[in-house]
1. Which residues, counting only those in the stretch 105-121, are outside any strand (DSSP E or B) and touching a strand residue (DSSP E or B) at 6+ places or on another chain (Cβ under 6 Å)?
2. Do you know which residues across the stretch 375-405 are in a loop (DSSP other than H, G, I, E, B) and over 17 Å from the mean Cα position of the chain (by Cα)?
3. Please pick out the residue among 249, 322 that is assigned to a strand (DSSP E or B) and surrounded by 22 or more Cβ atoms within 10 Å (Cβ to Cβ).
4. Which count do you get for residues in the stretch 252-263 that are part of a helix (DSSP H, G or I) and in contact with a strand residue (DSSP E or B) (Cβ under 8 Å, 6 or more places away or on another chain)?
5. Before we move on, is residue 307 outside any helix (DSSP H, G or I) and either farther than 22 Å from residue 148 by Cα or at pLDDT below 95 (or both)?
6. Go through the stretch 264-291 and count every residue that is part of a loop (DSSP other than H, G, I, E, B) and either touching a helix residue (DSSP H, G or I) at 6+ places or on another chain (Cβ under 6 Å) or surrounded by 14 or more Cβ atoms within 10 Å (Cβ to Cβ) (or both).
7. Checking residue 390 against (1) on the phi > 0 side of the Ramachandran plot; (2) touching a helix residue (DSSP H, G or I) at 6+ places or on another chain (Cβ under 8 Å); (3) at pLDDT 90 or above: exactly one of these is not met. Which one?
8. Mind checking which residues of the stretch 368-385 are touching a strand residue (DSSP E or B) at 6+ places or on another chain (Cβ under 8 Å) and surrounded by fewer than 15 Cβ atoms within 10 Å (Cβ to Cβ)?
């Protein structure tokens, strides 16, 4: 999935919202790795009516000593076993970032309308770092663009990584570069794998994919099948020809997979297979996620994890003004647009990637003004020194932010 992971996101992998308050039972909560990573592309995990670490064995939203112990055991021992049991406890130290990899493209082929599959391998034949379903890579393209893509291969195959990229005609050029300019033998700098959309392996599962959003969910479905879990998958798209990996899904378990041929499915259609206790994993365009979230409360499912394709809807936005340098022309930012969108109209070459405040590609320097930082990337020290991520961060109504761009 192109993330962020895409130029729409994918990947996968923070929302344009005010800084989150501590979660309470019955509210939407989110977990991100540190340093932040997508979506998943970008990528984030959201659960309704579920806290992190997991609730007690009876589903009550309070922490349980036994479940704490299980979470810690999972975090320590599952990497060695190569299979996730529970999400990493955010109270434990985050793993150190790996050094970038230099990988070679060993396959570049079409797998659906406007979708190509890439396989990336170590040029010396060395085994690649392990990964788990939901993980993504950050690619640096020859142009210097950075993009996040979900891994959609087999975690047991450490000889190659597999990603799939849909061409986005009106995107930032990353998908076009991959489709038209990259070829077998080309080398890419790759960071990761990282996982912000972790698969928890609940016993009853419903996977919801929209188009290229199948990429992080395909390894999850394989893992659910391998473990003998009760799972269903709904893949929505405008036509079957536009849905990547349809045949792979049929071969995996045809009776568990439903294809919806529609541009924007309703939340009720998508959640129809949900049963009491189902955990829902959803990846797709913003309208699809909005439909699922709106219909979720009326469904029998109990948990919702999602990865967003691109920028989240702006919440609590107020109009403010940008100014490029001292004495520069003011650029009004409406309440429903991001500062990055306005900046790119004035500076089309301004780099960006995730639209969600986790990758740091769009970072600019603040010269004056008081910002509202809404990212999950910058440290307190970086913010104090004037760093700003305009893809999500804003200012108070009537405030002017003077930027060095």
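The values are calculated or read from the model by the stated rules, or taken from the named source; none is laboratory data. As the structure is a prediction and not an experimental result, all values here were calculated from the model. Here the Cβ positions follow ideal geometry from the backbone for every residue, glycine too, while neighbour counts run over all protein chains shown.
1. Step one: of the stretch 105-121, the residues outside any strand (DSSP E or B) are 113-114.
Within the stretch 105-121, just 114 meets the criteria.
2. Initial filter on the stretch 375-405 (in a loop (DSSP other than H, G, I, E, B)): 375-379, 385-386, 389-393, 396-399, 405.
Once the filter is applied, which keeps residues that are in a loop (DSSP other than H, G, I, E, B) and over 17 Å from the mean Cα position of the chain (by Cα), the stretch 375-405 yields 378, 379, 385, 386, 389, 390, 393, 396, 397, 398, 399, 405.
3. Numbers: 249 fails: assigned to a strand (DSSP E or B).
After applying the criteria, what remains is 322.
4. Our first condition is that a residue be part of a helix (DSSP H, G or I); within the stretch 252-263, this holds for 252, 254-256.
From what's left, in contact with a strand residue (DSSP E or B) (Cβ under 8 Å, 6 or more places away or on another chain): 256.
Count: 1.
5. Answer is yes for this residue.
6. To start, the set of residues in the stretch 264-291 that are part of a loop (DSSP other than H, G, I, E, B) comprises 264-266, 272-278, 285.
Next, only the ones that are either touching a helix residue (DSSP H, G or I) at 6+ places or on another chain (Cβ under 6 Å) or surrounded by 14 or more Cβ atoms within 10 Å (Cβ to Cβ) (or both) stay: 264-266, 272-274, 277-278, 285.
So the count comes out to 9.
7. Residue 390 satisfies all of (1) on the phi > 0 side of the Ramachandran plot; (2) touching a helix residue (DSSP H, G or I) at 6+ places or on another chain (Cβ under 8 Å); (3) at pLDDT 90 or above except (1).
8. Passing the criteria: 368, 370.
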